[in-house]
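Input: a single structure, listed below in structure tokens.
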There are 2 protein chains.
Amino acid sequence: MQIKEVIESSKRHWQTALPHLSIDCVVFGFDQQKLNVLLLKLKDNANNWILPGGYVLKEEALDDAAKRILKERSGADKIFLNAFSVFGNLNRSEGYFKEYDDDLWHKQRFVTIGYYALVDHTSVTPVIDPSSEDCRWMPIDELPEMVMDHKNIIGNALATLREQIKYKPIGLNLLPEEFTMPELQRLYEAILGYKLNRGNFYRRITRFNILKKLDKERKGGAHKAPILYSFDEDNYQKALNDFSW
Amino acid sequence: MQIKEVIESSKRHWQTALPHLSIDCVVFGFDQQKLNVLLLKLKDNANNWILPGGYVLKEEALDDAAKRILKERSGADKIFLNAFSVFGNLNRSEGYFKEYDDDLWHKQRFVTIGYYALVDHTSVTPVIDPSSEDCRWMPIDELPEMVMDHKNIIGNALATLREQIKYKPIGLNLLPEEFTMPELQRLYEAILGYKLNRGNFYRRITRFNILKKLDKERKGGAHKAPILYSFDEDNYQKALNDFSW
DNA sequence: TCTTATTGCTTCATTATGAAGCAATGATAG
DNA sequence: CTATCATTGCTTCATAATGAAGCAATAAGA
């Protein structure tokens with residue numbers, strides 16, 4: 001079974017994009033509970049999910065390509081994007097298009113640039129494009145079956161994020177404008193995959209000096225109202241660039 | 001002036017390699033004093049130096065390509081290699097081949113994968129291949145004029161190395177089998193670009209537990225003979241993989 | 001044999017971290 | 001309208017890591 005849309009897009013790609021090079025985006029979002037990634041399911045691809053991805057136009061910078069791809073999928077515009085690795089093994093896509101002719105674009109040997117993106121989960125609306133059947137957030141600890149090495153790419157992105165979080169602040173792009181200390185802690189725990197001591201987290205984050213305490217609280221919860229914070233973006237950037245030994 | 005060799009190699013590359021994709025290697029070596037990179041000068045390229053680089057064969061994994069390229073240049077075989085970034089801006093090579101026809105391989109738009117390599121300076125003999133005029137070690141703080149964005153690539157590689165060194169051991173690939181504590185410290189200082197306190201360095205490295213103290217000293221120096229060490233490779237690997245918050 | 005620079009390793013003060021706890025608070029149940 | 005409860009803000013205490021400095025040992029050269 002050869003799907004007409006796939007063949008059509010193949011023709012388009014050969015004319016407009018750099019061959020053998022693709023981009024896959026691991027989009028992280030946080031929903032107060034868990035760390036999620038944005039996944040989609042192609043119409044022709046049984047039960048397997050894929051990362052949002054695409055190709056690099058012949059006259060397009062890599063970062064621009066990644067931004068474009070993400071905007072198409074998520075509608076989101078101002079997104080924190082970072083190329084974290086390259087996946088260049090052979091036969092990455094072997095088997096997935098075996099019913100098609102050899103000159104099918106998607107059947108070529110591809111080197112994929114892995115980007116990860118950090119987005120505020122609440123400001124993204126997953127977009128289901130014509131060739132997709134579904135597009136949604138999936139928690140990183142319950143990933144579905146995925147195509148090719150996409151699960152590995154996610155694992156790699158997560159590992160990168162976990163390294164970052166050790167010595168750099170995180171959250172600016174993952175949390176809404178205003179948030180509470182427990183929310184920030186839950187984000188850290190979701191990324192790291194384990195619980196942190198509350199008092200020590202409070203002390204450490206406070207000393208980082210990246211938070212502005214707002215003069216209001218989040219009322220309506222079941223218990224004591226937590227104080228709202230926002231990031232001090234100047235100090236946040238400074239902390240991103242600092243390092244010490 | 002169009003150089004025949006360049007045109008010949010262009011034809012070869014179109015047949016054998018993935019178009020639009022190249023690899024550049026930042027090879028770091030340490031010579032007891034300074035951190036160096038391996039650079040070469042092409043015959044046709046005036047006074048500009050370049051990073052050793054090459055192309056990815058159509059049926060070749062990325063890491064294999066990088067290994068092959070490095071082996072050709074340095075003769076070295078067992079080398080620590082790591083892809084650290086991708087450089088995909090437009091017009092990276094603009095101007096360098098402007099006298100050639102547009103179908104010249106080297107004139108295409110290239111996305112470059114940046115690898116950095118750590119080698120024992122003493123075990124590498126720079127190889128001057130037919131298209132090169134020179135190939136040598138250059139100290140990172142006195143780099144010559146370089147082609148395209150190659151200086152930026154080196155800066156990027158160095159930044160990556162400096163991040164690594166903060167929380168992971170380094171030296172296994174940069175130092176000879178046996179070395180002294182002051183030598184290791186000088187390596188750290190060369191990478192970081194500033195001096196470290198001697199006693200604290202000693203204490204920290206010792207606590208890392210990655211060194212085996214050998215039962216001999218380096219005699220012949222001008223002063224007290226320093227003890228020789230080698231790396232405990234098991235613990236070294238463990239330290240590479242560990243992390244904590 | 002005395003001087004010198006260097007090395008191995010320790011000491012002391014300061015700071016960061018892990019573990020635990022106390023008082024305040026806001027919603028809810030009685 | 002008060003008692004209960006989980007949660008929060010923030011602190012305390014013990015322990016570990018770090019920065020700065022110093023002391024004794026030592027190999028080479030004067």
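Can you compute the FRET efficiency between A:Thr160 and A:Tyr194 using 1/(1 + (r/R0)^6), with r the Cβ-Cβ distance and R0 = 22 Å? Round to the nearest 0.05.
Working: r = 18 Å, r/R0 = 0.81.
Taking R0 as 22 Å, the efficiency between A:Thr160 and A:Tyr194 is 0.80.
Just want the answer: with Cβ charges of +1 for Lys and Arg and -1 for Asp and Glu, which residue in B:Leu211, B:Leu57, B:Thr112 is farthest toward the dipole's positive end in chain B?
B:Leu211
Each residue of region A:159-173 in order: what ³J(HN,Hα) in whole Hz does its phi give by Karplus 6.51 cos²θ - 1.76 cosθ + 1.60, θ = phi - 60°, with x for Gly and Pro?
Couplings: 4, 4, 4, 5, 5, 4, 5, 5, 9, 10, x, 9, x, 3, 9 Hz.
Report the far tail of the P(r) of region B:4-166, meaning the percent of Cα-Cα pairs longer than 29 Å.
Working: 1707 of 13203 pairs.
That tail contains 13 percent of the Cα-Cα pairs.
Could you pull out every one of the aspartates and glutamates with an alpha carbon less than 18 Å from that of A:Lys67, ignoring same-chain neighbours closer than 8 positions?
Filter leaves A:Asp24, A:Glu59, A:Asp77, A:Asp120, A:Asp129.
Let's see if you can work this out: charge +1 on each Lys and Arg Cβ, -1 on each Asp and Glu Cβ, no other charges. What is the dipole magnitude of chain A about its Cα centre, in debye to the nearest 20?
Details: 34 positive and 35 negative charges, 220 e Å.
I would put it at about 1060 debye.
Students often check this: by mean Cβ neighbours within 10 Å, which of B:49-56, B:75-82 ranks highest, and how do the rest follow? Can you show the working numbers first?
Details: B:49-56: 22.0, B:75-82: 14.8.
My ranking of the peptides, most packed first, is B:49-56, B:75-82.
List the residues of region A:141-170 whose accessible area drops by at least 40 Å² when all protein chains are present, compared with their chain alone, using a 1.4 Å probe and counting only protein heavy atoms.
Those are A:Glu163, A:Lys166, A:Tyr167, which lose 40 Å² or more relative to the chain on its own.
Quick one: net charge around A:Asp120, please, counting Lys, Arg +1 and Asp, Glu -1 for every other residue with C-beta under 14 Å from its C-beta. Before the final figure, lay out the partial values.
Working: positive: A:Lys78; negative: A:Asp31, A:Asp77, A:Glu177, A:Glu178, A:Glu183.
It works out to a net charge of -4.
If you take the accessible area of A alone plus B alone and subtract the pair, what total do you get in square angstrom, rounded to 100, with a 1.4 Å probe?
2900 Å²
Express in whole angstrom the spacing between the alpha-carbon centres of region A:9-31 and region A:127-160.
Between the Cα centres of region A:9-31 and region A:127-160 lies a distance of 14 Å.
What trypsin sites (Lys or Arg not before Pro) in region A:186-244 are in a loop by DSSP, with at most 16 other Cβ atoms within 10 Å of the Cβ? Write down the numbers at each step before the final one.
On the way: sites: A:Arg186, A:Lys195, A:Arg198, A:Arg203, A:Arg204, A:Arg207, A:Lys212, A:Lys213, A:Lys216, A:Arg218, A:Lys219, A:Lys224, A:Lys238; in loops: A:Lys195, A:Arg218, A:Lys219, A:Lys224.
Here the trypsin sites (Lys or Arg not before Pro) that fit, given the DSSP loop and packing criteria, are A:Lys195, A:Arg218, A:Lys219, A:Lys224.
Along the charge dipole of the protein assembly as shown, pointing to its positive end and built from +1/-1 on Cβ of Lys, Arg, Asp and Glu, which listed residue (B:Asn173, A:Phe87, B:Thr16) has its Cα farthest out?
B:Asn173
Keeping every protein chain present and rolling a 1.4 Å probe, give me the accessible area per residue for region A:4-148 in Å². Before the final figure, lay out the partial values.
Details: 6730 Å² over 145 residues.
Per residue, region A:4-148 has 46 Å² of solvent-accessible surface.
Using +1 on the beta carbon of Lys and Arg, -1 on that of Asp and Glu, and nothing else charged, what's the dipole of the protein assembly as shown about the Cα centre, debye to 20? Intermediate values should be presented prior to the final figure.
Values: 68 positive and 70 negative charges, 441 e Å.
My answer is approximately 2120 debye.
Under the rule of -39500 (n - 2.57) per DSSP H run of 4 or more residues, summed and divided by the residues of the protein assembly as shown, what mean residue ellipticity at 222 nm is obtained, to the nearest 500 deg cm²/dmol?
Working: 12 runs with 152 residues, N = 490.
After summing the helix terms and dividing by the residues of the protein assembly as shown, the value is -10000 deg cm²/dmol.
Find out how many positive minus negative residues lie around B:Pro19, taking Lys and Arg as positive, Asp and Glu as negative, among other residues whose Cβ is under 10 Å from that of B:Pro19.
On the way: positive: B:Lys58, B:Arg109; negative: none.
In short, +2.
Dipole of region B:4-166 (Lys/Arg Cβ +1, Asp/Glu Cβ -1, origin at the Cα centre): which of B:Tyr100, B:Leu42, B:Thr125 lies farthest to the positive side?
B:Thr125
Can you list the lysines whose alpha carbon is less than 26 Å from that of B:Lys71, not counting same-chain residues fewer than 8 positions off?
Counting by Cα, and skipping residues close in sequence, B:Lys71 has these lysines nearby: B:Lys4, B:Lys11, B:Lys34, B:Lys41, B:Lys43, B:Lys58, B:Lys107, B:Lys151.
In debye to the nearest 20, how big a dipole does region B:168-241 give about its Cα centre with +1 on each Lys and Arg Cβ and -1 on each Asp and Glu Cβ? Mind showing how you got there, number by number?
On the way: 14 positive and 9 negative charges, 82 e Å.
Once rounded to the nearest 20, the dipole reads 400 debye.
Evaluate peptide A:50-59: per residue, the Cβ atoms of other protein chains within 10 Å of its Cβ; return the mean as an integer.
On the way: counts 0, 0, 0, 0, 0, 0, 4, 0, 4, 3.
Other-chain Cβ atoms within 10 Å of each residue's Cβ, averaged: 1.
Compute the orientation-averaged projected area for the protein assembly as shown from the convex hull of its Cα atoms and round it to one decimal in nm². Walk me through the numbers before you get to the answer.
On the way: hull surface 108.2 nm².
One quarter of the hull surface, i.e. the mean projection, equals 27.1 nm².
Tell me, what is the percent relative contact order of chain A, built from C-alpha pairs under 8 Å that lie six or more residues apart? Don't skip to the end; give the middle numbers.
Details: 392 pairs, mean separation 53.0, N = 245.
Worked out over chain A, it gives 22 percent.
Tell me, what % of the accessible area of the protein assembly as shown is carbon and sulfur with a 1.4 angstrom probe?
Working: 11770 of 24890 Å².
Heavy-atom surface of the protein assembly as shown belonging to carbon and sulfur, 1.4 Å probe: 47 percent.
The values are calculated or read from the model by the stated rules, or taken from the named source; none is laboratory data. For clarity, every value in this text was computed on a predicted model and none was experimentally measured. All Cβ positions, even for glycine, are placed from backbone atoms using ideal geometry, and neighbour counts span all protein chains on display. Each accessible area value is taken on the protein alone, full model and side chains, heavy atoms only, with ligands, DNA and RNA left out. Shrake-Rupley method; radii C 1.70, N 1.55, O 1.52, S 1.80 Å.
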